[in-house]
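Below is one structure, written out as structure tokens; comments come after it.
The values are calculated or read from the model by the stated rules, or taken from the named source; none is laboratory data. Since the model is a prediction, treat every value here as computed from it, not as a measurement. Using ideal geometry, Cβ is built from the backbone for each residue, glycine included, and neighbour counts are taken over all protein chains shown.
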Amino acid sequence: MKEVFEFVNKLIGDFTQLLAGLVVIGLFIGVLFDDYFGVIERVGEVMSQIGEAGLVGLLTLIVVVMWYQKK
């Protein structure tokens, strides 16, 4: 059972790294080609939603950063 949890945890970590890489590539393409896929706009919307949430948004952002740094 422990091996299954380790496998699932590794799979989720790999998937998260893949998505982070795709976001970086999307941002890079957005800068070069005038935000063709709308990634920069979506990242801006997410950041504004976190900003509107105030303290809860800040705490959420801190938890996400701490969780991401553990990997």
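Within region 1-43, the only residue that satisfies the criterion of being loosely packed, with under 11 Cβ neighbours inside 10 Å and of a type in the set (Gly, Ala, Ser) is GLY21.
Inside region 50-71, residues that are surrounded by 11 or more Cβ atoms within 10 Å (Cβ to Cβ) and part of a helix (DSSP H, G or I) make up a count of 9.
Could you tell me whether LEU22 is assigned to a helix (DSSP H, G or I), at pLDDT below 85 and of a type in the set (A, V, I, L, M, F, W, C)? No.
Can you name every residue in region 29-41 that is modelled with pLDDT of 85 or more and under 15 Å from the mean Cα position of the chain (by Cα)? Within region 29-41, just GLU41 meets the criteria.
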